[in-house]
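Just so you know, all these numbers are worked out from the coordinates, no wet-lab data involved. Values in this document were obtained by computation on a predicted structure and should not be read as measured data. Positions of Cβ are generated from backbone atoms using ideal geometry, with glycine treated the same way; all protein chains shown enter the neighbour counts.
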Amino acid sequence: MRILTSLYYYRPHYSGLTVYTERLARTLAARGHEVTILTSRYDRQLPPLEQRDGVTVKRLPVAFRLSKGVILPTMLYWGTRLAASHDVIHLHVPQLDAAPLALAGRALGRPVVLTYHCDLRLPPSPLNWLAGKASRAADSISVRAAHAVVANTRDYAEASPFLRRFLWKLVVIPPPVEVASPAPAVVGSARARWGIRPGERLIGMAARLATEKGAEVLAHAMPRVLEQFPKARVLYVGQYLNVLGEEEYARKLEPLLHSLGDHWTFLGVLSDDELAAFYTLCEVTVLPSLNSTESFGMVQVESMLSGTPVVASDIPGVREPTTRTGMGRTVPPGDAGALAEAIIQILGSAKELRGDPGSLKRYSSESVAEEYERLFERLRSGKGPLQRE
């Protein structure tokens, strides 16, 4: 199949959405499909056209930004032109341009599949209010024009004020998750490079430093954790400097994190091998997300595949991995006290929650790509989407 995929940001941009799309595109390409990514040239240093892991990436010029989004004047032209030579149109939202591309795909007689990653919630400001209104209008057009709508979990779809109106189009396909098996030498090197001292109790968090991720909840929980485990330390993985749209949030958080001193360490964006070492070294990882901008949290499955239990927020979608597998705990979102007690409990008995990583096979990139293939083929043959849990 020839698959045209559209989203605002693609690699080397780092976010859960771009990682999801990259893993799926790369796996589909390895399975013999022609995959084209149509995205923004958000950094002018990036080439307008390149091949990455067997995937064609076409980047379009950015006229200006609207909150975290980008305005791409040539998207409709290139989207329509490329759609005519592809078999399936796969759109990732939130994305304003998904609406005209979905309509163009319909007009050309191409199956249109929309992967709905999350409800968009932006910090209050006049610009963000405008961006939110535009995004909701575009999503409404996109979903109505799409032949099928994919979500990570039914739990999230039923809780979403927007998505639950379109459950008849819903196909549940979990996100693609990959984690390397770290070599002992890599783990040893990471231990030395990150300055991990004997006896430290390592708590991991992997996320962009963004408002919805709830880093401050973990920071507020740490004094209570340190009462029980004075050598506890947070290793924070992910972009934390110059995160687009989150500069003010980072400034507000800085004094709180500074007060924790050596008990909080930013590691930045890691390679696949380093990330695997991170999960192996940590005794517990946390995902203290705050709202519906977070719909799943692939990092918690990565952690579980490494045998490391998770504490996650009890919100739709995010709570699914811990409740399905028993490899962790769920706590009320924003409750630093509950988060602290869950971390303390796991640090005291982590082995009891390690579970069976084999139960997570449904999240592999191969399994997820197969599910998408079946969906694409059904739509190409004129059948409706087969709903899956």
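Structural size metrics of the chain, computed from C-alpha coordinates, are Rg and Dmax of 20.8, 63 Å. For the chain, the number of Lys pairs with C-alpha atoms closer than 17 Å, counting only pairs eight or more positions apart or on separate chains, is 4. The distance from the alpha carbon centre of segment 250-316 to that of segment 170-213 is 7 Å, rounded to a whole number.
Contact order normalised by length for the chain, with contacts defined as Cα pairs under 8 Å and 6 or more residues apart; what percent is it? Before the final figure, lay out each step's value.
Details: 756 pairs, mean separation 61.3, N = 389.
About 16 percent, as a whole number.
Within segment 184-362, the proportion of C-alpha pairs whose separation exceeds 22 Å stands at 40%.
Net charge dipole, the chain: roughly 1000 debye, given to the nearest 20, about the Cα centre with Cβ charges of +1 for Lys and Arg and -1 for Asp and Glu.
Taking the Cα atoms only, what angle lies between the long axis of helix 98-107 and the longest principal axis of the chain, rounded to 10 degrees? Approximately 30 degrees, to the nearest 10. Label point of E50 set 7 angstrom out along Cα-Cβ; within segment 1-29, amide nitrogens under 12 Å from it belong to 10-13. FRET efficiency for the pair Y77 and R31, taken as 1/(1 + (r/R0)^6) with r the Cβ-Cβ distance and R0 = 22 Å, rounds to 0.15. Evaluating 6.51 cos²θ - 1.76 cosθ + 1.60 at θ = phi - 60° for every residue in segment 207-214, the Karplus couplings come out as 5, 5, 7, 10, 3, 6, 7, x Hz, glycine and proline recorded as x. Taking the C-alpha atoms only, the angle from helix 365-380 to the longest principal axis of the chain is near 20 degrees. Kindly express, to the nearest 10 degrees and within the range 0 to 90, the angle between helix 336-349's C-alpha long axis and the longest C-alpha principal axis of the chain. Long axis of 336-349 versus the principal axis of the chain: about 70 degrees.
Of the residues A312, Y279, T56, the one whose Cα sits farthest towards the positive end of the charge dipole of the chain is T56 (charges of +1 on Lys and Arg Cβ, -1 on Asp and Glu Cβ, taken about the Cα centre).
If contacts are Cα pairs under 8 angstrom and at least 6 residues apart, what is the relative contact order of segment 184-362 in percent?
This gives 24 percent for segment 184-362.
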